1. Taking B:G150 as the residue in question, decide whether it is more than 10 Å from chain A (Cβ to nearest Cβ) and in contact with a strand residue (DSSP E or B) (Cβ under 9 Å, 6 or more places away or on another chain).
2. Quick one: which residue in A:K177, A:K195 is basic (K, R), within 11 Å of another protein chain (Cβ to nearest Cβ) and touching a helix residue (DSSP H, G or I) at 6+ places or on another chain (Cβ under 9 Å)?
3. Would you tally the residues in the range A:3-25 being outside any helix (DSSP H, G or I), surrounded by fewer than 23 Cβ atoms within 10 Å (Cβ to Cβ) and more than 7 Å from chain B (Cβ to nearest Cβ)?
4. Against the definition (surrounded by fewer than 20 Cβ atoms within 10 Å (Cβ to Cβ), outside any strand (DSSP E or B) and out of contact with any helix residue (DSSP H, G or I) (no Cβ under 9 Å at 6 or more places or on another chain)), how does A:R261 come out, yes or no?
5. Give the residue, chosen from B:G182, B:G188, that is over 26 Å from B:V137 (Cβ atoms) and touching a residue at least 40 places away in the same chain (Cβ under 8 Å).
6. Could you please let me know if A:A385 is touching a residue at least 12 places away in the same chain (Cβ under 8 Å), open to solvent by 20 Å² or more (accessible area, probe 1.4 Å), under 22 Å from A:L101 (Cα atoms) and not charged (D, E, K, R)?
Amino acid sequence: MSAGTLYDKVWDLHTVAELPGGSTQLFIGLHLIHEVTTPQAFDGLRDLGLGVRHPERTVGTVDHIVPTTSQARPFADPLAEAMLAALERNCAEYGITLHGLGSGRQGIVHVIAPELGLTQPGMTVACGDSHTSTHGAFGAIAFGIGTSQVRDVLASQSLALGKLKVRRIWVEGRLPKGVYAKDLVLHIIRILGVKGGVGYAYEFAGPAIDALSMEERMTLCNMAIEGGARCGYVNPDATTFTYLKGRPAAPVGEAWERAMRWWSTLASGADAVFDDEVRFDASALSPTVTWGITPGQGIGVDETVPTPEQIEPNERPIAEEAYRYMDLVPGAPIAGLPVDVCFIGSCTNGRLSDLQAAAVVARGRHVAPGIRAFVVPGSEQVAAAAEAEGLDAVFKAAGFEWREPGCSMCLAMNPDRLEGRQISASSSNRNFKGRQGSVSGRTLLMSPAMVAAAAVTGHVSDVRTLLAS
Amino acid sequence: MSAFVNFPAGAIERIEGRALVLSGDDIDTDRIIPARFLKSVTFDGLGEQVFADDRLELKGTHPFDRPEHGGARILVANRNFGCGSSREHAPQALMRWGIRAIVAESYAEIFFGNCLALGIPCFTAPHEQVLSLQAVVISDPARSFTIEVGAGRLQVEAGAGETAAFWDLKLAGGARQMLLSGQWDATGQLLAHDAELRATVARLPYLNSFAAA
C-alpha cells in the first residue's frame, strides 16, 4: 500500500469520513461543470429538494457541443442550444460562475481551469468528464465522474470513492527534438496497455518529467485515463509555481508565499512507498502514431503495423478488429498512409504551445491538395494569445481553417465530424470506433506537430524530417 | 422521478433473468452510447440507442437485437468493460434497455461507479469463469440465472436431470454492502456528514487563505 506519496497526502487531507460500505467520503476542492453531463444532475438536485452546497467552488463553461465555425446564438442545432440554455439557467439559479461564449474565458474545461489559476496543487478536482485527469499536472488529485456523482458533488461537495493504488512512472532522459509529451504518453500507454492503469493513480516523475512545461504535463496527465488510470499527476515544483503566479484565481501577496510553502510540502517524499514502479527513457522515443482502435495501439512513425505474432495473445482479438476497421495490413509501414482530415485541438493538445509547435511545421508550407485541415484553439484565451503572435495568419496562409474554441472533432458532439471512411490525423485522445462522428471513420492519434506534418504532406510523415529541412 | 419507477430501487439482494454476452475487451462507452445521443437534457430514450452504431453495422445480429435476448437482465462481458468517456449515459442506456447486473473480467473505474450510482452491480469473475459462463449463455439463451448479491453467487436454472451450476462473483469495494443496504445512491450518506464536511472546509489550506499551512 502506498505511503507518503502526494496522492496519499491529498487523499488524507480531503477525507471527510469513512462510509459504512467501506468507501471514503472525499471532499472535492474544485468542481468543474459543462453543458453535457450536468442538466440531469441539476434536475436530480431539484427532485431531491437540494441546493448547491459550495457554488463558489463550482465553475462552469461550455465546450462539448459548441460549433467552432459560428458561435452566434441561437445555435443552428436546437438540441445544442437547449443544452447551453440549460447550463446558463442552472448556473444563474444556483449562483455558479459560468465562463460563457464571448466572455474571454470560455474554452475547453480542462484548458480554462488551469489558465485561470483555478487548478492548484493539493486540490481534489472533479468534473463530469474523464479527461479531468489533466489537472493532475499541478499536483492535484483530479478525476472524471458521472452525472449522478455530479449531482452528489453539487449537493455535498464530496464523493464516495475507493482509494487507488499508486504507480510511479519514472521517465529518464529528455524528449528529443520533434518528440512531444503526446508521444511520451502514447508510448507509455502502448507499453502498459489501456487496462494497465485500472485501479491505479499514475505519478509521473523523473528527469524527463521535471523538464516538461506545464502544458506538456497537462497533455501527459490528460491521457492517464486512456491508460486506464483514473487520475495521473506530477509533483508540483518551480515550473508549477511559475505558471500559476499572477493568474486570476491564484493567491496573491502573503497568501501566495504561504501557498508556495504549503505546495512545496506536497510532493511525494524520498521515502514514499509506491504500489508499483515502472521506468521509461524519453530520449529513446520517436513520434508515436496510433494505428488501431484503442489509444494503446500505437507505434513509432518509423515502425510498421504490428503483425499478430508481435502482439500478445490476449490483445490479438482487438488487434484483428483494428486491422479490419482501419483497413490496415499487418507489417505495413504507418508512414506514408494517406489521410483526409487533419485536426489540431482538444483538451489534450489545444493549448498555445501545441499551436506553436504545429505552426513551426505549417509556416511556409501548404496543406496538401484534397486535405481538410483545421485548428481549434482550446480556449478564448489560447485563441487570443495565438492571434497576438500571428499564428492564425500562419495557419490560414498554409491553408488551415482557424476556428472558434471548443471540443470540436475530438468527440463529434458538434458539427465537426468525419464522414464515411475518412481517416483523420488528430491531436485528440481517442481513436475508438466511431469516435469522431462517422460510424466507419478512422482516427490516427499523434502530436499537433505530427498532425501539421500530415496536413502538409497529405500522409503520415515523420515531423523530424520536416523540422530538419 | 416517476420515469424511474421500474429502475433499481431500495435494497438490491437478487437479480434474476436471462443473460446475454458481449465478447471482447475494451468495449468503450462511445460504443455503448455514441456521443450524438448525449445531446439531450434528459436520459429518456437512451435504451433504444444502446450500442447504436455496432447494431447498425451488424444489421440485426447484434446481441442486443437478437430476439432470444429480448428482456435479458444480465450482461456478461470481458476485460476493461466501459472504458473511455465518463458519460453516465452508457449505464443509463444499458439500464433503460433492461440490464440490471453486469458480470465481466474487469471494468473501467468511472463506469463501475456510474453503474453503482444507478443500483447496477458490476460483478467480476476470473477469465476462465467468465468464458464458461458466456458459453452457457450462448448455448442456451433461454436459461434463467439468479445472482445473490450477498453470497456473491450466480446460479443457472438447472435443466431436467441436471445439477445446478454456479459461479462465484466478486463485487469490489463497498459496493456489495451499499447495494444490500439500499444505500447505493450515495447522496444521503454524503449529506449526513455535515459537521465533518464543515471541519474539512475549515482545515483545507486553499479554502483558508493558506493560513492553515
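1. So B:G150 passes the test.
2. A:K195
3. Matching residues across the range A:3-25 total 5.
4. Taking the combined requirement at face value, the residue satisfies it.
5. Sole residue among the options that is over 26 Å from B:V137 (Cβ atoms) and touching a residue at least 40 places away in the same chain (Cβ under 8 Å): B:G182.
6. It is true that A:A385 is touching a residue at least 12 places away in the same chain (Cβ under 8 Å), open to solvent by 20 Å² or more (accessible area, probe 1.4 Å), under 22 Å from A:L101 (Cα atoms) and not charged (D, E, K, R).
Per-residue answers, yes or no, for (1) open to solvent by 20 Å² or more (accessible area, probe 1.4 Å); (2) under 22 Å from A:G292 (Cβ atoms):
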| position | (1), (2) |
| --- | --- |
| A:E172 | yes, no |
| A:L192 | yes, yes |
| A:E203 | no, no |
| A:G206 | no, no |
| A:P236 | no, no |
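Results for (1) within 14 Å of chain B (Cβ to nearest Cβ); (2) modelled with pLDDT of 95 or more; (3) crowded, with 24+ Cβ neighbours inside 10 Å, shown as yes or no for each residue.
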site: A:G364; (1), (2), (3): no, yes, no
site: A:S408; (1), (2), (3): yes, yes, yes
site: A:M450; (1), (2), (3): no, yes, yes
site: A:T465; (1), (2), (3): no, yes, no
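The values are calculated or read from the model by the stated rules, or taken from the named source; none is laboratory data. Just so it is clear, the model here is predicted, and its values are computed rather than measured. Virtual Cβ from ideal backbone geometry, glycine too; neighbours counted across all protein chains shown. Each accessible area value is taken on the protein alone, full model and side chains, heavy atoms only, with ligands, DNA and RNA left out. Shrake-Rupley method; radii C 1.70, N 1.55, O 1.52, S 1.80 Å.
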